[in-house]
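To start, the structure itself, in structure tokens.
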Amino acid sequence: MANHHIITGNWISAEEDYHGACPVFRKRFTLSGKKVASAVLYISALGLYEAAVNGKRVGDDVFQPGFTVYQKRIQYQQYDLAGLLETENEITVHLGNGWAAGRLGWLKLPKTSRHYAEKPALIASLVVEYQDGSTDLVITDRDWEYAPSKILFADLYDGETYDAGYEAAGWKPAVLFPHGKEMLIPQEGEPIREQNVLKAKLISVPNGETILDFGQNLTGYVRFRVKGEKGAVCELSHAETLDKDGNFYNDNLRSAKAKIKYICGGGEEVYHPHFSFMGFRYIRVDSWPEEIKAESFEAVVVHSLLERTGKFESSSKKLNQLYSNIIWSQKGNFLDIPTDCPQRDERLGWTGDAQVFIRAAAYNFNVERFYRKWLRDLKADQKPDGQVPDVVPNILPEYNNSSAWGDAAVICPWQLYLSYGHKEVLEEQFDSMKGWIDYIRSVSKDGVDWNTGSCYGDWLGLDAPAGSYKGSTDENLINEAYFAYSTSLLVKAGKVLEKDMSEYELLYQKIRDCFQQNYIRDDDLVCPTQTAYVLTIYFGLCNKPLLMARRLAEMIQANGNKLQTGFVGTPYLLHALSDNGYEDLAYTLLLQEEFPSWLYSVNQGATTIWEHWDGMNDKGEMWSTDMNSFNHYAYGSVADWMYGVAAGIQPDEEKPGYRHFFLRPMPDKRLGSVQASLKTKFGTITSGWYRTNGKTVYAFDVPANTTATVMIEGQTIEVSSGHHEYKL
């Protein structure tokens, strides 16, 4: 029924191109005096929309209809308007360029924007059903009118210009927009909402600029109250950090202007951007018509509506701050798609980032619906031969098909299955998963040796050669390791779906044999790096993992108990150690405070996870301006070790979704306590430990209708629901 109602509307747009200015569309209509039983608005846009009925905003969602592969999938939303309608009515809809028709990406190409549409367009149907069974239908067509709106400019990267004193005039009939309707789908992802509000503090900086500090790097926008004469100008600039001198710094935003310009209409007014969001902690007030007061400003945090499921706490304040930073980076980068960063001229759904973080993400929040929507876009953007793009939705000119990035097609569905226990995600994504493996086979020597193509390598690994972003780990080793790992997961997924996987089981053995022939000599790696050892151990590619783990440990110790891993090695680093008897060294890395380490950025005052281990050095100097995000969740993947090893909550592949699970915390004498909780569909699991009188007390809560295997200090204990404590 909903699809039918949507299809009755037509795509409409403005005749002219406003080049970033936002048109407003309106439709006036009269309803009969009959009693209304229901009134539902079905609405979508190429671009972003904001609708109102009789001057009242429709719904609480922002940045709708969201970011999808618009050629194949455009979400529509539906809203109950029964309480807003009168006899005489007016619907107004503002349109912004958004992801579909706005600037996306940093590449200097002839077409660096408008990847999906030349200008924004609107489609809507209002279905009014009366108690007597009759209906009225209001649809988008040529009878709608449009005019320029108060929003003179809006861009996701560059910000917004708004003239409060402008009144729409010169209304013209809307024009039909040539675009199909077959790609319209009901809302699949979580709605994007305003989540919470942070207060501002005025701070003094050496160069005398007026700076507001919200105390937290966040994603969203500023809402402010201002009183100025008509035509008075307010201008605000955004930044994540201050420079080494303590002054406002936004060079790392690259070409993203992230600027708000507000032109007063006279009188006191409240405003926030409509079609632009920023990643920021600081605001520079460049122009203001009255005395600047901190209480006039607040930061509105915006992200997808995700249910918080996990919590972690320890006796270490710095470790707790690291955990907080991970939570804030996830919130800041889960705005409809899993983005790499929310501030510069990028903000794209990098597949590599999404897969290395998904396990941590699923502990922190319920991300099943969020990721399933994104995986449908991955499948929609995947080529018929199985190639997977670097970013989803894909706005880059070429497919790179890099290992660890394209493998998101396999790793993400499997992780969702483990976390939530619904095999439907495997059924839905199986052809995509298989397609990626088959593509690798097609470009590999003899179908098993993947030594071709481009690869991001161990991105941002600290052992990178001079002038390179890639760590020193052999790219072909990374290719082959991920080929094996993803094939093993495909086999598992196929067996869950009761498919004959004998062909891929044989393929896995051949890939593993190939890996050993190419990269292992005399029980050691041919090209040893920290990341090479980590992948070899964690992906089960060697016959003597304990020996390899010892070599990895020796390499780390020889480096001063410090890591060198990048995006590929870091997610599995601590696991490779603790799975093989080196949990003490894993904790040493987790608690390391000198550069490079997780707590180094905490000591530098970070409130989110950095893209680079040394985004800012201890002198306050920046790593670079070209690629230096201070809100990048990839290294926050360590949260899955904090939940799964330090606190010990681990899913069981045989009974996914935590129907049965393992509780195997690993204490460390440098901490007094660790506790984590995880809300599942059965209830909340808690697991942790604390020290008292020279003993370690382990405490667990097992929800009703579940069982757990407790593994502590060499003991294995099967437990049922309830509270359990052990003092050892």
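The values are calculated or read from the model by the stated rules, or taken from the named source; none is laboratory data. Worth saying up front: this structure is predicted, and the values here are computed from it rather than measured. Glycine gets a Cβ as well: all are built from the backbone with ideal geometry, and neighbour counts include every protein chain shown.
Considering only the range 644-662, I want to know if a residue exists there that is of a type in the set (Lys, Arg) and in contact with a helix residue (DSSP H, G or I) (Cβ under 9 Å, 6 or more places away or on another chain).
Narrowing the range 644-662 to residues of a type in the set (Lys, Arg): 655, 659.
Adding the requirement that they be in contact with a helix residue (DSSP H, G or I) (Cβ under 9 Å, 6 or more places away or on another chain) leaves none.
Checked against the condition, which is being of a type in the set (Lys, Arg) and in contact with a helix residue (DSSP H, G or I) (Cβ under 9 Å, 6 or more places away or on another chain), the range 644-662 yields no hits at all.
Restricting the range 279-310 to residues that are farther than 24 Å from Lys201 by Cβ and in contact with a Leu (Cβ under 8 Å, 6 or more places away or on another chain), which is surrounded by the most Cβ atoms within 10 Å (Cβ to Cβ)?
Filtering the range 279-310 for residues farther than 24 Å from Lys201 by Cβ gives 304-310.
Of the ones still in play, those that are also in contact with a Leu (Cβ under 8 Å, 6 or more places away or on another chain) are 304, 309-310.
Values: Ser304: 23, Thr309: 18, Gly310: 25.
Result: Gly310.
So is Leu477 modelled with pLDDT of 95 or more and closer than 19 Å to Leu552 by Cα or not? Give the derivation first.
Values: modelled with pLDDT of 95 or more: yes; closer than 19 Å to Leu552 by Cα: yes.
So Leu477 fits the description; yes.
Just one of (1) surrounded by 15 or more Cβ atoms within 10 Å (Cβ to Cβ); (2) more than 30 Å from His238 (Cβ to Cβ); (3) at pLDDT below 95 trips up Asp522, so point out which.
All conditions pass for Asp522, except number (1).
Collect the residues in the range 441-456 that are of a type in the set (S, T, N, Q) and at pLDDT 95 or above, keeping them in residue-number order. I'd like the intermediate steps shown before the answer.
Step one: of the range 441-456, the residues of a type in the set (S, T, N, Q) are 442, 444, 451-452, 454.
Those that are of a type in the set (S, T, N, Q) and at pLDDT 95 or above: Ser442, Ser444.
Take the residues of the range 85-107 that are within 25 Å of the chain's Cα centre (by Cα) and in a loop (DSSP other than H, G, I, E, B): which is modelled with the highest pLDDT?
Kept after step one, since they are within 25 Å of the chain's Cα centre (by Cα), are these residues of the range 85-107: 95-107.
Still in the running and in a loop (DSSP other than H, G, I, E, B): 97, 102, 104-107.
On the way: Asn97: 96, Gly102: 93, Leu104: 91, Gly105: 88, Trp106: 82, Leu107: 70.
Top of the filtered list is Asn97.
Looking only at the range 635-644, decide whether some residue is crowded, with 19+ Cβ neighbours inside 10 Å, modelled with pLDDT of 95 or more, part of a loop (DSSP other than H, G, I, E, B) and of a type in the set (A, V, I, L, M).
no
Confirm whether Leu506 is more than 28 Å from the chain's Cα centre (by Cα), of a type outside the set (D, E, K, R), crowded, with 21+ Cβ neighbours inside 10 Å and part of a helix (DSSP H, G or I). If you could, list the steps in order and put the result at the bottom.
Details: more than 28 Å from the chain's Cα centre (by Cα): yes; of a type outside the set (D, E, K, R): yes; crowded, with 21+ Cβ neighbours inside 10 Å: no; part of a helix (DSSP H, G or I): yes.
For Leu506, the condition - more than 28 Å from the chain's Cα centre (by Cα), of a type outside the set (D, E, K, R), crowded, with 21+ Cβ neighbours inside 10 Å and part of a helix (DSSP H, G or I) - is not met.
Being part of a strand (DSSP E or B) and touching an Asp or Glu at 6+ places or on another chain (Cβ under 6 Å) is the filter; apply it to the range 663-687 and report the residue that is nearest to Val719 (Cα to Cα). Even if it seems obvious, please write down each step before you answer.
Residues of the range 663-687 that are part of a strand (DSSP E or B), as a first pass: 663, 673-680, 683-687.
Checking the rest, the ones that are also touching an Asp or Glu at 6+ places or on another chain (Cβ under 6 Å) come to 675, 686.
Details: Gln675: 19, Thr686: 14 Å.
Taking the candidates together, the pick is Thr686.
Grab the helices (runs of 4 or more DSSP H) fully contained in the range 301-387, keeping just those with 3 or more residues being β-branched (Val, Ile, Thr) and touching a Phe, Trp or Tyr at 6+ places or on another chain (Cβ under 9 Å). Reasoning before the result, please.
Working: elements: 317-333, 351-364, 368-381.
So the answer is 351-364.
Output yes when any residue across the range 445-459 is aliphatic (A, V, I, L, M), crowded, with 18+ Cβ neighbours inside 10 Å, touching a Lys or Arg at 6+ places or on another chain (Cβ under 9 Å) and within 25 Å of Thr68 (Cα to Cα), and no when none is.
Filtering the range 445-459 down to residues aliphatic (A, V, I, L, M) leaves 448.
Cutting the leftovers down to crowded, with 18+ Cβ neighbours inside 10 Å gives us 448.
Subset that is touching a Lys or Arg at 6+ places or on another chain (Cβ under 9 Å): 448.
Then keep just the ones that are within 25 Å of Thr68 (Cα to Cα); that gives none.
No, there is no match, as no residue in the range 445-459 is aliphatic (A, V, I, L, M), crowded, with 18+ Cβ neighbours inside 10 Å, touching a Lys or Arg at 6+ places or on another chain (Cβ under 9 Å) and within 25 Å of Thr68 (Cα to Cα).
Of everything in the range 254-278 that's out of contact with any Lys or Arg (no Cβ under 8 Å at 6 or more places or on another chain) and part of a strand (DSSP E or B), which residue is surrounded by the fewest Cβ atoms within 10 Å (Cβ to Cβ)?
Only one residue tops the list, namely Lys261.
Please go through the range 451-485 and pick out each residue that is out of contact with any Phe, Trp or Tyr (no Cβ under 6 Å at 6 or more places or on another chain), among the hydroxyl-bearing types (Ser, Thr, Tyr) and either under 14 Å from Gly569 (Cβ atoms) or touching a residue at least 12 places away in the same chain (Cβ under 8 Å) (or both).
Within the range 451-485, Ser454, Tyr456, Tyr469, Ser472, Thr473, Tyr482 qualify.
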